[in-house]
Amino acid sequence: MLHALRRIALAVPLLLVVSMVVFVVGELLPGDPAVDRFGEKGSPAAIAEWRARKGLDLPVHERYLRYVGGVVTRLDFGESYKDDYPVSSDLRDRFAATAELAFAALLLAVPAGIAAGTASAALRGRAADAAAQGTALLGVSIPVFWLGMILVLAARSVGWNHFQARFDVRAHDDAVAGFTTPFVLFESVLRGRFAVAASCAQHILVPALALATIPLATVMRMTRSAVLDEIGKDYVRTAEAKGVPRARAVVRHALRNALMPVVTVIGLQAGTLLSGAALTETVFTWPGLGTYIVSAVQKKDSPALVGGLLLVAATFVIVNLVVDLLYGVLDPRLRRSAS
Amino acid sequence: MNGRRTRAFLRNRTAVAGACVLALFVAAALLAGVLAPFDPESRVPGDDVLVRTQPSAAHLLGTDENGFDVFSRLLHGARTSLLTATASILLALAVAVPLGAFAGWRGGLAESAVMRATDVSLAFPSIFLAVVIAAIRNDRSLATVVYAVAAVSVPPLVRQVRAAVLQVKAQDYVTAAVALGIPPWRILVTTVLPNCMAPILVLATLGTGTAILDAAGLSFLGLGPPPTAPEWGVMLTNGSRYALDPSLWFLLVPPGAAIALTVLGFNLFGDGLRDALDPRTRV
């Protein structure tokens with residue numbers, strides 16, 4: 001308990017420093033937003049009025065304090081410089097898209113990674129092991145956006161055309177408009193709108209496949225080495241000596257005890273995926289946090305960039321914190337030694 | 001590396017394969033000026049402008065949308081990509097090794113300060129960090145790519161260098177040096193750091209592969225070098241516009257395969273180096 005409280009207490013100053021860094025980044029973006037908005041020949045009165053409305057005439061520390069105050073008390077991330085739309089509502093939609101994509105990718109990667117890693121460890125040194133390891137290494141060496149393009153090419157060549165949005169907008173826009181959350185896939189399943197859910201699943205499949213390669217390879221390699229560590233231990237040999245079949249000894253005995261480091265790796269991967277996969281999202285024009293931040297940079301839209309980066313970093317820090325705390329729950333030894 | 005370690009490395013067939021792949025690309029990079037049949041940044045000379053022509057005897061991998069010879073660009077791209085990645089990693093090491101060594105050796109407040117700073121930068125996915133740095137520099141050049149990629153490589157390197165220093169610091173020969181009254185900074189430079197060289201070498205090798213991927217990603221997001229530069233990420237990005245036309249595969253497949261193979265080479269080589277240098281992982 002003490003350990004948990006200390007970890008939570010440490011995350012707060014970290015997030016504060018992160019918010020300062022992110023705010024400074026927003027300030028450093030080149031160009032003057034007012035001039036960008038009104039053009040070089042914009043009327044000085046209009047520019048001054050706009051700057052005052054955005055609070056740009058205040059000193060930077062005052063704007064920072066206002067900003068953090070708004071975020072903490074009202075979840076108010078300001079308004080975009082480009083369309084005056086509240087950043088918080090964009091972030092809500094974008095986060096949902098990224099979270100569903102991350103979930104789908106992990107759903108594909110984790111079971112396959114654990115199975116392949118365990119099999120690879122059990123068959124150590126054989127051709128299947130070498131093939132699995134080679135594939136995993138190739139998986140982390142391929143540029144993910146290139147893999148994405150190849151997948152699009154392959155999917156289109158077999159007539160698969162579910163790209164460009166999170167679901168078939170023409171067929172299901174009315175149904176989705178009645179949803180209460182931006183989690184289209186999850187909500188359609190919960191509401192029993194299976195036609196919408198099926199359309200979402202079709203659209204998420206190929207992007208999730210592309211995004212799954214790195215977690216798949218990472219989970220596989222971690223499972224393999226963790227299972228290898230356990231497989232040589234006495235209790236596994238004892239189990240086999242007592243007549244437990246090899247496969248059962250590996251899965252029921254060794255794998256169980258090997259899962260701790262695997263859980264950590266899955267947690268870290270979840271943190272990375274939830275904080276937006278800029279490249280994969282760009283390839284598939286997936287409306288998530290990654291594409292949001294990249295387009296904010298390209299459009300020099302500071303409030304959008306600052307809000308996006310802040311959400312990404314906060315998600316990453318919080319997911320890691322949860323993984324860290326879960327670790328204590330899963331392994332009682334760590335709890336005792338920490339307190 | 002002494003003979004025993006060299007032999008351990010050579011017995012590792014995958015590591016040797018990685019080294020061979022790398023040697024091939026390094027050779028291509030060094031000899032690009034001699035081997036490339038055409039200039040990578042100007043139109044193929046002739047009466048007609050040859051735009052997106054299919055591979056032929058004259059143009060082994062065809063020509064791209066600007067009428068540049070793809071094969072020549074691929075060779076010169078090896079030079080650009082390897083130089084960019086190496087420069088980024090050397091720059092990152094120049095920052096990370098002193099910081100990590102200082103943090104691990106001094107401990108206390110200095111260590112906390114350095115480690116909390118890496119915590120902050122590790123809270124952002126590296127691609128966003130690179131994107132933001134490139135945006136702030138606001139200039140599409142190879143130098144921007146080098147700075148951005150170096151900056152994202154620093155925080156993990158600092159942590160790993162610190163970990164290596166902590167490990168060496170606990171050795172008896174360091175305790176002995178302290179007991180002999182040798183000044184701490186001298187122990188760090190003459191005893192601790194040389195013994196950290198093996199892990200740092202492995203990190204640098206694996207980091208160069210990651211740097212190539214990061215640089216290509218920056219190009220893909222439109223923040224890399226200008227679109228005519230002979231760089232693999234740029235070629236891939238330009239080629240991605242024709243991703244829906246399978247007959248134009250030669251604009252998409254060669255640069256992507258070149259990146260994947262080079263990164264694979266660095267990963268295999270780095271893994272093999274680690275196994276050869278670290279006696280504990282040797283079977």
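The values are calculated or read from the model by the stated rules, or taken from the named source; none is laboratory data. Quick caveat, the model's predicted, so the values are computed rather than measured. Here the Cβ positions follow ideal geometry from the backbone for every residue, glycine too, while neighbour counts run over all protein chains shown. Quick note on the areas: whole protein, heavy atoms, side chains included, nothing else; ligands and nucleic acids left out. Shrake-Rupley method; radii C 1.70, N 1.55, O 1.52, S 1.80 Å.
Some notes on this structure:
- Residue match in segment B:81-89 (condition: more than 13 Å from chain A (Cβ to nearest Cβ), free of Cβ contacts under 8 Å to residues at least 60 places away in the same chain and open to solvent by 50 Å² or more (accessible area, probe 1.4 Å)): yes
- Scanning segment A:82-110 for residues that are of a type in the set (S, T, Y) and surrounded by 21 or more Cβ atoms within 10 Å (Cβ to Cβ) yields a total of 1.
Here's the yes/no breakdown for (1) crowded, with 18+ Cβ neighbours inside 10 Å; (2) under 25 Å from B:G265 (Cα atoms):
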site: A:R124; (1), (2): no, yes
site: A:L137; (1), (2): yes, yes
site: A:W146; (1), (2): yes, yes
site: A:R156; (1), (2): no, no
site: A:W160; (1), (2): no, no
site: A:F167; (1), (2): yes, no
site: A:A195; (1), (2): no, no
site: A:I204; (1), (2): yes, no
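- Taken as a whole, the structure leaves B:R186 outside the set of residues that are among the charged types (D, E, K, R), within 14 Å of chain A (Cβ to nearest Cβ) and open to solvent by 50 Å² or more (accessible area, probe 1.4 Å).
- Looking only at segment B:134-151, residues that are part of a helix (DSSP H, G or I) and either more than 9 Å from chain A (Cβ to nearest Cβ) or among the polar types (S, T, N, Q) (or both) come to 10 in all.
- Residue check, A:G276 surrounded by fewer than 23 Cβ atoms within 10 Å (Cβ to Cβ), farther than 17 Å from A:A116 by Cβ and modelled with pLDDT under 90: no
- Filter result (within 9 Å of chain B (Cβ to nearest Cβ) and either crowded, with 23+ Cβ neighbours inside 10 Å or under 28 Å from A:W160 (Cβ atoms) (or both)) within segment A:279-303: A:L279, A:T282, A:V283, A:G290, A:I293, A:V294, A:V297
- Any hit, segment A:230-237, residues being among the aliphatic types (A, V, I, L, M), in a helix (DSSP H, G or I), more than 12 Å from chain B (Cβ to nearest Cβ) and open to solvent by 50 Å² or more (accessible area, probe 1.4 Å): no
- Close pairs (7 angstrom Cβ cut-off, 6 or more residues apart or separate chains): farther than 16 Å from A:A104 by Cβ in segment A:176-195, at pLDDT below 90 and outside any helix (DSSP H, G or I) anywhere: A:V176/A:F167
- Scanning segment B:203-219 for residues that are closer than 24 Å to B:V165 by Cα and open to solvent by 10 Å² or more (accessible area, probe 1.4 Å) yields a count of 7.
- A:S120 meets the conditions (1) more than 14 Å from every other protein chain (Cβ to nearest Cβ); (2) touching a residue at least 60 places away in the same chain (Cβ under 8 Å); (3) open to solvent by 20 Å² or more (accessible area, probe 1.4 Å); (4) in contact with a Lys or Arg (Cβ under 8 Å, 6 or more places away or on another chain) in every case but one. The failed one is (3).
- In segment B:116-131, the residues that are at the interface with chain A (Cβ under 7 Å from one of its Cβ atoms) and within 17 Å of A:I293 (Cβ to Cβ): B:A123, B:F124, B:P125, B:I127, B:F128, B:V131
- Helices (runs of 4 or more DSSP H) contained in segment A:1-81 and holding at least 1 residues under 25 Å from B:D139 (Cβ atoms), modelled with pLDDT under 85 and away from chain B (no Cβ under 14 Å): A:33-38
- Test: residue in segment A:275-296 that is β-branched (V, I, T) and not in a helix (DSSP H, G or I): yes
- Screening B:A260 with (1) open to solvent by less than 30 Å² (accessible area, probe 1.4 Å); (2) part of a helix (DSSP H, G or I); (3) touching a residue at least 12 places away in the same chain (Cβ under 8 Å) gives one miss only, at (3).
- All positions within segment B:226-248 that are of a type in the set (A, V, I, L, M, F, W, C), more than 8 Å from chain A (Cβ to nearest Cβ) and either surrounded by fewer than 18 Cβ atoms within 10 Å (Cβ to Cβ) or outside any helix (DSSP H, G or I) (or both): B:A229
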